[in-house]
C-alpha cells in the first residue's frame, strides 16, 4: 500500500531503511540547569528507532543560543557524554540518528542570558512572548551581531559539531528554519544589515554558508543537512521575495554538496503555522540535486504520493511520532492513528507521562485480545 515509503534511501554517507523520518521535535526533558540529556531521552529515541532517520529535537550550540526550558545542549563534554546513551540506544535498534544544531538568536529571552539582550542579524524584536521557567515574558530587542560575534558563533557551531561526533551521532542538521538565527539572517524582514551579510540574497545566505562550511569541515558534506522553512512567516520572521531568497539558499546547498535538505512547508490549513504563501519545494528541487525531505501535516497517503512521484525523497513526520513510537509500523499495517493528537499539554512537561508511555501497535492489539 505504501511501497515507496519502505524503500531504502542513500543520502550521502547515510543509508536509511525507509523513507519515513522522524522530524525534529522539542520535548523539554533535559536536566537543568546545564541542559544535559538523560536516560529518559534515550528511552524515547530508542522507542522511535524504526524511523528511517531520526532528526533530534533542536539542540543548543551554546549558552547564548539556547532559550527554551529543559531543552538539551551540545557545547560541553558533559553534554556530549550524556548524549551517548541515546545514540547507543538508537544504534542498538538498527536506527540512524542525526543531531539538529540550534541557535535561537533573537528568540532567546534575556532571562537565559543573565539579563543581557539576545543576538541576531539586526536589532529587531520578535512578536509575542517567550517561554521561561518563570512564565511567559515579552521578547526583548536583539543586539545586532558584530563581525566578531559572527565569527565567534561560527566557532560555536564548529565546536557543537565536534561534540556531536564525540557523542556518536551519524551526522548533523543545521536548524535554518522557524525564525531562529540562521533564518533571521536569510530573510529581509529580519536582516537589515548593510555589510557583506546583508542586502541581496547572496549576502544574506553568507552566514548560513559559512556555518555549513564549518560543519562540513568536521563531518564531511555527506553527513550534513539543513532544515529550512521557505514559505510564510514564522515567529515574526518573513521575506518579501521567498523564491529569490530560498532559491539562493538552495544554490548554496547544491554548491556545498549537502547530503539532504528538509523543508517545513505549512499550507493555508496548517496545524502549526498557516500561510497562503506558495510552497518553494518545486523551485528548491530544481536547484538542489541531493535528497529532499518534506514536512508539515502529511498523511501517510500524501507522503506515499509525493515520494512515488519524485516530488521528494522522504517525508518527516513530527507530532504523529509523539504518540506513535512505532509510526512506521502503523503505516505499514494501515493503522496510522494518533491517540495524543489533541493533548499538547504533555509535550513539554519534564516527566515520563506523555513522553515514553505510549503503547506500540502490538501492545494495543494484545490489550484488545
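The values are calculated or read from the model by the stated rules, or taken from the named source; none is laboratory data. Bear in mind that the values here come from a model prediction, so they are computed numbers and not experimental data. Methodologically, a virtual Cβ is constructed for each residue, glycine included, from the backbone with ideal geometry; neighbour enumeration extends over all protein chains shown.
Do we find that residue 153 is at pLDDT 95 or above, over 18 Å from the mean Cα position of the chain (by Cα), closer than 15 Å to residue 214 by Cβ and crowded, with 16+ Cβ neighbours inside 10 Å in this structure?
On the way: at pLDDT 95 or above: yes; over 18 Å from the mean Cα position of the chain (by Cα): yes; closer than 15 Å to residue 214 by Cβ: yes; crowded, with 16+ Cβ neighbours inside 10 Å: yes.
Yes: the conditions hold for residue 153.
Looking only at the stretch 338-369, count every residue that is outside any loop (DSSP other than H, G, I, E, B) and at pLDDT below 85 and tell me the total.
Pass one, the stretch 338-369, residues outside any loop (DSSP other than H, G, I, E, B): 344-346, 361-368.
Then drop every residue that is not at pLDDT below 85, which leaves 344-346, 363-368.
Qualifying residue count, the stretch 338-369: 9.
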Selection from the stretch 108-118 of residues that are buried (at least 16 other Cβ atoms within 10 Å of the Cβ) and either touching a helix residue (DSSP H, G or I) at 6+ places or on another chain (Cβ under 6 Å) or more than 14 Å from residue 62 (Cβ to Cβ) (or both): 109, 110, 111, 117, 118
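Does residue 188 count as surrounded by fewer than 21 Cβ atoms within 10 Å (Cβ to Cβ) and at negative phi? Walk me through how you get there before you give the answer.
Details: surrounded by fewer than 21 Cβ atoms within 10 Å (Cβ to Cβ): yes; at negative phi: yes.
Taking the combined requirement at face value, the residue satisfies it.
Does the stretch 97-106 contain at least one residue that is buried (at least 18 other Cβ atoms within 10 Å of the Cβ), assigned to a helix (DSSP H, G or I) and more than 20 Å from the chain's Cα centre (by Cα)? Lay out the reasoning, then the answer.
Residues of the stretch 97-106 that are buried (at least 18 other Cβ atoms within 10 Å of the Cβ), as a first pass: 97-106.
Those left that are additionally assigned to a helix (DSSP H, G or I): 105-106.
Filter once more, keeping what is more than 20 Å from the chain's Cα centre (by Cα): none.
Looking through the stretch 97-106, none of the residues is buried (at least 18 other Cβ atoms within 10 Å of the Cβ), assigned to a helix (DSSP H, G or I) and more than 20 Å from the chain's Cα centre (by Cα).
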Tell me, which residue of the stretch 266-310 that is in contact with a helix residue (DSSP H, G or I) (Cβ under 7 Å, 6 or more places away or on another chain) and without any contact (Cβ under 8 Å) to a residue 40 or more places away in the chain is surrounded by the most Cβ atoms within 10 Å (Cβ to Cβ)? 294
Which residue out of 129, 64, 39 is touching a helix residue (DSSP H, G or I) at 6+ places or on another chain (Cβ under 7 Å) and more than 27 Å from residue 324 (Cβ to Cβ)? 64
(1) assigned to a loop (DSSP other than H, G, I, E, B); (2) crowded, with 24+ Cβ neighbours inside 10 Å; (3) out of contact with any strand residue (DSSP E or B) (no Cβ under 7 Å at 6 or more places or on another chain) all hold for residue 207 apart from (1)
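Tell me which residues, restricted to the stretch 215-226, are out of contact with any helix residue (DSSP H, G or I) (no Cβ under 8 Å at 6 or more places or on another chain), buried (at least 23 other Cβ atoms within 10 Å of the Cβ) and part of a helix (DSSP H, G or I). Full working, then the answer.
As a first pass, look at the stretch 215-226 and keep what is out of contact with any helix residue (DSSP H, G or I) (no Cβ under 8 Å at 6 or more places or on another chain): 220, 222-223, 225.
Subset that is buried (at least 23 other Cβ atoms within 10 Å of the Cβ): 223, 225.
Result: 223, single match.
Collect the residues in the stretch 122-140 that are on the phi < 0 side of the Ramachandran plot and assigned to a loop (DSSP other than H, G, I, E, B), keeping them in residue-number order. Working first, answer last.
To start, the set of residues in the stretch 122-140 that are on the phi < 0 side of the Ramachandran plot comprises 122-127, 129-134, 136-140.
Across the stretch 122-140, the qualifying residues are 122, 123, 124, 125, 126, 127, 133, 134, 139, 140.
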Got at least one residue in the stretch 72-86 being under 20 Å from residue 170 (Cα atoms), touching a helix residue (DSSP H, G or I) at 6+ places or on another chain (Cβ under 6 Å) and surrounded by fewer than 20 Cβ atoms within 10 Å (Cβ to Cβ)? yes
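Have a look at 21, 112 and point out the one that is out of contact with any strand residue (DSSP E or B) (no Cβ under 7 Å at 6 or more places or on another chain), touching a residue at least 12 places away in the same chain (Cβ under 8 Å) and not in a loop (DSSP other than H, G, I, E, B).
Numbers: 21 fails: out of contact with any strand residue (DSSP E or B) (no Cβ under 7 Å at 6 or more places or on another chain).
One residue alone meets the criteria, 112.
Take the stretch 42-59 and flag every residue that is in a helix (DSSP H, G or I), touching a helix residue (DSSP H, G or I) at 6+ places or on another chain (Cβ under 7 Å) and over 26 Å from residue 104 (Cα atoms). Before you say what the answer is, go through the steps one by one.
Of the stretch 42-59, the ones in a helix (DSSP H, G or I) are 42-47.
So of that shortlist, the ones also touching a helix residue (DSSP H, G or I) at 6+ places or on another chain (Cβ under 7 Å) come out as 42, 45-46.
Listed by number, the list holds a single entry, 46.
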Please go through the stretch 227-276 and give me each residue that is modelled with pLDDT of 95 or more, under 23 Å from residue 122 (Cβ atoms), in contact with a strand residue (DSSP E or B) (Cβ under 9 Å, 6 or more places away or on another chain) and in a loop (DSSP other than H, G, I, E, B), ordered by number. 229, 230
Taking the stretch 311-337 and keeping only residues that are over 14 Å from residue 48 (Cβ atoms), modelled with pLDDT under 95 and touching a helix residue (DSSP H, G or I) at 6+ places or on another chain (Cβ under 7 Å), one is left with 332, 333, 335, 336, 337
